[in-house]
Amino acid sequence: MAHLEEQTPQPLASEKLLVDYAKSLDCIHCGLCLQTCPTFRSTGAESSSPRGRIHLMRAVGEGRLTLDAAYTEELDLCLVCRHCETVCPAGVRFGEMMSFARNRRESHSPRSFPARIARFVGLRVLLPNRIALRLMGTCLRFLQLTGLERIAVHFGRLGRGLSDLPRIPPLPARRLLPARIKASGEERGQVALLEGCVMPELYARVNRATARSLALLGFTSHLPSNFVCCGSLHAHNGDHAGARSAARKMIQALEELGDGTLSIVVNSAGCGAHMRSCAHLFDSEDPWHARARAFEKRVIDYSEFVDRELQDREVQLTAPALPRPIAWDDPCHLCHGQGIRSQPRSILARVQGLEQVQLSEPEACCGSAGTYSLTHPEESRAIFERKLEDLEASGARTLITANPGCQLQWESGIRRVGKDTAVMHLAELVQAALLEKKS
Amino acid sequence: MNIEARLGEIFPSEELQHFRARFGLPDLPLVAPRCEERVADLLKAAAQDGWKLVVLGGGSTFSRSPSPARADAVLSLAGLSGVTAYEPRDGTLTALAGTTMAQLEETVHAGGHHLSPEVARPEVATLGGVVASASSGFERLRFGAVRENVLGMRVALCNGSVVKSGGRLVKNVTGYDLHRLFCGSNGTLGVICEVSMRLYPLPEATRLLTSVYPRREAALAKARESFELPISPLAIAVSDLADGGGHLLEIFLAGRSEVLAWATEWLNERVGDLNTAPAESTRERRHILRDDVRAPLRFHCRPSRLEETVATIERCAEAQGQEARFLLNPALAEGTARFSNPANLEQLAVALGGTRPAATLLWTGTFPAPTPGPGRWMEKLRTALDPTGVFAS
Amino acid sequence: MHRLAQELRSILGPRGLIDDPTKLLPYESDGLAMVAVPAELVCLPRDTQEAAACLALLHREGVPVVARGAGTGLAGGATPVANGVVVSTARMRDILEVNPLDRFARVQAGVVNVDLTRAASRHGLRYAPDPSSQMACTIGGNVANNSGGPHCFKHGATTRHIQGLVIVAHDGEILDLSEPHLDPVGYDLVGLFVGSEGTFGLATEVTVKLVPTPALDEVLLAVFSTLDDACDCVSEIIASRLEPSALEILDKLTIEAVEASVFAAGYPVGAEAVLLMEVEGAGPEVEGTSRAIRKIVDRHSPLDVRSARNAEERRKLWAGRKGAFGAMGRIAPDLYVADAVVPRSRLRELIRTTIAICHERNLRLANVFHAGDGNLHPNICYDRRNEEEVARVLEAGHLILKACVEAGGALTGEHGVGLEKLEQMDLLFAPHDLDAMCRVRDVWDPERRMNPGKLVPLRACMELRTTRLEHKPEGIA
């Protein structure tokens, strides 16, 4: 049964491959994915479901459908939460298909001029450029301090998205991490650590907590200096050229870091999921393909890394002071994208005295989805409503997650309805628990 | 030509008999065909000559149905008798409609199977009659309603065609479930000629646990506690004892002996001390409960409204100087009532109807008046299957 | 259609109607991907009133209507019809009432099977029918097809669990039969409606029976070196009148597909067949039945028998079984699933016949089926782009059904007739049987606009029409 042996998935790097894949697809139209899809649940339209979108992609591949406005709309409406992949018995790689379908769409049927400008500025100017990002952070902080952000509401969808952003911390709190953070006490090993593009502007404290907790566990972190963004947002939004360029920079930077073999610890599930599958961006003949494959293997999520360490050393943690009970919410690109479910739970279970409750649908998307909350604020909020109801029913007073996008969505959503549930990154909790233990 | 002469032309004399007036019907010619084709012949003749036929099984539940306004002849299915197929290795039984339940029980018991429903007077009741009247059995709690155990049937329609619906398989969704429509149609849509039934394993042993309570509420409350028993009893009954003797709770268990022992212990712990009835009286009580079809009033409602329904009936009866005695099946929220003065129930029926009870009341001899919306659809179905009105109703 | 779309939109709101050709495209097929017919419009009513207004309008305009739940059906029951409108229940997903005291629930037709089960479980109750697609399929769709599932072996198919319905008739009339009655008052309209595959009307609300969650359930997995042994084992369990709650067989190819999927359950790869069994109930009942079953299994030379150790293992074993159909997407671009039922005493014989039929035609076959009910699911692998192969598949499918019918079986145990088995209805029913079905269908839908061309072959209905016309002059004379 050779056909069933574990095969190295063929990258869908060319249009032809995508068409072939879509045609001979593993998808047999069984429909098990439908109810996991946040957009199908909210619209009830099958064109907004994974099966429906695959059907449309297949129709494009077969030449039955042109890349019209409705097709674009359905592609854009997708959050690429990849929940469907988790339940797909046939193992359809929906995320990858979507990424290519979006890329094809971008290159074949251009958007309006203002939309193209916005995409260019966002993807090509801001994200890869630390100085531009810093500047943006400062501008936003200025808008927030002066109250001008409330006026932004009147400037279309993007403006409404801006007004949802959490408070941008002052510049000192947004300081970048140094190139090397030494292990406290005896060094057990070294790792590479990524700061991310938007993270330092919004959640520099999470990065500090990540580095600090790794140090407390005996690991020295090295930070690459000459690259900013992993390119996941580019791939997501169908800018494969941008994604490839970001990936090359990233791969090179991490090959040059230390001896080039350090494990790369990632505290952002969205970035991690992309970094673990970035080889699909390159054609298999492209030398970068092999380099990307090697790179992918080095990537490890923060929760995986920490859980392994805690287990190996049988460390017990003590709960720090925080509003209880807590609930864990799986970021989509952690559970669906990387299949990581047990590790964060196992870490939390190790924290003694931490009262926990369960969400009834922890694996459902919160509606953040990268830039989705900016491009589709209404849909994003509608999807978040369900999560909020789930949170309220659970009675949790602190919500733990592990992805900046989700953290942002939760914080702004909770603030919008006037609740006081705290939101924390897993690394913040681990850091506090490790410090608690020390004291 | 008169009917009898015409029948004499079509049917051999051994298939022709005489029906003596009963069930509110006058003396009538009776035809008891020996095969499906003969049933069809009669139906064709009836359609042609405009006769109205009354279809009769064993007659055991016939008295419950309303008397038809007009009837010209009786079609008895007594001649259409015999087991077509008993498949012990597949757990199914197919038999002709006129076969008595007693005969069928004997057949399947030999193979270790139980045929539900367990009805009153199995030696008289026929399979076709049981299905046509949808008479559920004493052990319905465990084995479900009749309609749920009918796998398929062959039915003669008024135009003389014998059609099949369903089959002999325990699972089958090929075509419409017409058999569900004929089940409970009381012979008003077609003549059921053959029925296939799902069988159940014959329980190894049965046991009756009883207890008497001074108040009905207490007996019902105890019965409710027994619902939590994780295995399904055959029946749970609460009945009024004669002369203010209190209220009897009866729980019939069936299964392997170790299961019975376990269930008894469970019930004694949770419900309170129950007496295990001797085998003789278990049989006797089972017979009595099974025979309850003769009560003049049957009713069913939502389980949460059982007490309320019983109280309403009791109050209305009292207002008319009647004393009501109930036999309740609290797990299914159905029951029967008998009254101290059975001769004078019409007034009571009217009074009860006036209270708009949250229950369905079924008085002997009257078909329940369906609500207007569904009633229209039922009428349409009847017209479609019997456009010329061959079947008396 | 444009004017119709506007009128429908005024009833259903801007998000309640789909008329963009691109967005309509995904509706062209349901789980039977072999057939595709474009839908003209898709209506997404939110409740009975909207659905009724919608159907009344379509009645006035004489437009055919196809009801659609999640579109997971495998017989083409929800495939659109030419020039027809699809009415989808995807926005009717409210659980209206869960009544633990009287043990029923009232739900809108678009409620997903597993969501209902989840809501009931908060009260220690459950909705027993569990089709393999339960995480996606809707209760309305289950009603239309009288769906089954592994646990129907003990609990019976959907019809046994439906206590009431709200039906919107072909002309928009609302028939409220939602009050749960112990027995139907008058004719059993609800029982007749269940399994009518959308040809009688649209069920918008469903009242279902809830049953207590069993105190104990034990899942056993037996591994066999031949498929014959597994079949014989099931036949003997049935013949011994044992009552487990489910008996499922998976063959080698199925096991491999499942184990390679996200639903990997720990089935032994390489084994020719596994028999998945569940016994539910309480203490000694479960023990006794399991013991008796193990004795029978032992007589059929199993390679291994084991019992799931905990709830997680039980869940995985079942998830693997339920994901089996989809998992086969890995072994073939397309799958043809037959749904024949056979007497349970003849399982081995008919499985062998099925294998032989496919082998002769050089077709790959995976068997995964509800053995306890005698409900076979031969999954024939093919590629729809290979026309010659498609022809062979259809021929094999036909021969399999024929063999099953000849052995006393039926065409479909749970998927329904739909479009797919229309041609084979003649194998099982004589023209006058189909004629009777048409008569009843005509009561509900005199204009034959509701899911036309499904379930009952059109030919049979046409014959009925002609005979009627012939009769007419007589009537007048």
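Quick one: of A:LYS387/C:LYS316; B:LYS171/C:LYS295; A:LYS419/C:LYS316; C:LYS295/C:LYS421; B:LYS52/B:LYS380, which pairs are farther than 28 Å apart, Cα to Cα? Mind dumping the intermediate values first?
Working: A:LYS387/C:LYS316 26 Å; B:LYS171/C:LYS295 26 Å; A:LYS419/C:LYS316 38 Å; C:LYS295/C:LYS421 39 Å; B:LYS52/B:LYS380 19 Å.
Cα-Cα > 28 Å for A:LYS419/C:LYS316; C:LYS295/C:LYS421; rest within.
P(r) tail for chain A, what percent of Cα pairs lie past 38 Å? Show your work: numbers first, answer last.
Working: 18742 of 96141 pairs.
Looking at chain A, the distances longer than 38 Å represent 19 percent of pairs.
Only helical runs count toward this figure. For chain B, summing -39,500 (n - 2.57) over DSSP H runs of n ≥ 4 and dividing by all residues gives -9500 deg cm²/dmol at 222 nm. Looking at the calculated P(r) for the range A:232-310, what percent of the C-alpha pair distances fall above 21 Å? Result: 26 percent of Cα pairs exceed 21 Å.
Trypsin sites (Lys or Arg not before Pro), restricted to the range B:21-88: which are DSSP loop and have at most 13 other Cβ atoms within 10 Å?
B:ARG70
Taking the longest Cα principal axis of chain A as reference, the axis of helix A:302-312 is set at about 50 degrees. About its Cα centre, the dipole of the protein assembly as shown is roughly 3680 debye, where the only charges are +1 on Lys and Arg Cβ and -1 on Asp and Glu Cβ. Rounded to the nearest 10 degrees, the inclination of helix A:287-298 to the longest alpha-carbon principal axis of chain A is 40 degrees. Size descriptor for the protein assembly as shown, Kirkwood hydrodynamic radius: 33.9 Å (Cα pairs only, one decimal).
Close amide-amide hydrogen proximity is noted between C:LEU165 and C:LEU177, C:SER178, C:THR207, each under 5 Å apart and 5 or more residues distant or on a separate chain (H modeled in the peptide plane; Pro and chain starts excluded). Since only A:THR138, C:GLY156, A:MET199 are under comparison, the one whose Cα sits farthest along the positive direction of the charge dipole of the protein assembly as shown, derived from C-beta charges on Lys, Arg, Asp and Glu, is A:THR138. Taking all C-alpha pairs of the range C:95-212, those more than 21 Å from each other amount to 29 percent.
Here A:TYR302, A:TYR203 are placed in order of increasing Cβ neighbour count within 10 Å, fewest first, which gives A:TYR203, A:TYR302. The amide H of C:ALA203, built 1.01 Å from its N in the peptide plane, has C:VAL168 as neighbours under 5 Å, considering only residues 5 or more places off or on other chains. For the range C:78-143, trypsin sites (Lys or Arg not before Pro) meeting the loop criterion (DSSP other than H, G, I, E, B) and having at most 11 other Cβ atoms within 10 Å: C:ARG122. Of the residues B:GLY57, B:GLY129, B:GLY112, the one that moves most in a GNM of chain B with alpha-carbon contacts below 10 Å is B:GLY112.
Which value in deg cm²/dmol, rounded to the nearest 500, describes the helix-derived mean residue ellipticity at 222 nm for chain C, given -39,500 (n - 2.57) per DSSP H run of n ≥ 4 and division by the residue count?
Details: 17 runs with 178 residues, N = 477.
So the helix-based figure for chain C works out to -11000 deg cm²/dmol.
Considering only alpha-carbon pairs that sit under 8 angstrom and 6 or more positions apart, the relative contact order computed for chain B is 16 percent.
What GluC sites (Glu not before Pro) in the range B:95-170 are in a loop by DSSP, with at most 15 other Cβ atoms within 10 Å of the Cβ? Working shown, then result.
On the way: sites: B:GLU105, B:GLU106, B:GLU118, B:GLU123, B:GLU139, B:GLU148; in loops: B:GLU118, B:GLU123, B:GLU139.
Answer by residue number: B:GLU123.
Normalising the average separation of contacting C-alpha pairs (under 8 angstrom, six or more residues apart) by the number of residues puts the relative contact order of chain A at 16 percent. Quick check of the Kirkwood formula: for the range C:262-314, what is the inverse mean of 1/r over all pairs of different Cα atoms, in Å? Hydrodynamic radius (Kirkwood, Cα pairs) of the range C:262-314 is 12.8 Å.
Residues in the range C:163-178 carry Karplus couplings, in order, of 9, x, 8, 10, 10, 9, 6, 4, 9, x, 5, 9, 10, 8, 10, 7 Hz; the curve used is 6.51 cos²θ - 1.76 cosθ + 1.60 with θ = phi - 60°, and Gly or Pro positions show x. Positive end of the dipole of the protein assembly as shown (Cβ unit charges, origin at the Cα centre): among A:ASN267, B:CYS301, B:VAL212, the Cα lying farthest that way belongs to A:ASN267.
What angle, in degrees between 0 and 90 and rounded to the nearest 10, separates the Cα long axis of helix B:306-319 from the longest principal axis of the Cα atoms of chain B? The answer is roughly 80 degrees. Working from the Cα coordinates of chain B, the gyration tensor eigenvalues give, after taking √(5λ), semi-axes of 38, 26, 18 Å in decreasing order. GNM on chain A, alpha-carbon springs under 10 angstrom: the most fluctuating residue among A:SER213, A:SER49, A:SER107 is A:SER107.
In straight-distance terms, cross-link reach from C:LYS209 covers every one of the aspartates and glutamates whose alpha-carbon lies under 18 Å from its own, apart from those fewer than eight places away in the same chain; here that gives B:GLU148, B:GLU228, B:GLU334, C:ASP94, C:GLU97, C:ASP102, C:ASP115, C:ASP130, C:ASP176, C:GLU179, C:ASP183, C:ASP188.
Readers should treat all values here as calculations from the given coordinates under stated rules, not as data from a laboratory. All values derive from a computational prediction rather than experimental measurement. Quick reminder, even Gly has a Cβ in these numbers, built from the backbone with ideal geometry, and neighbours come from all protein chains shown.
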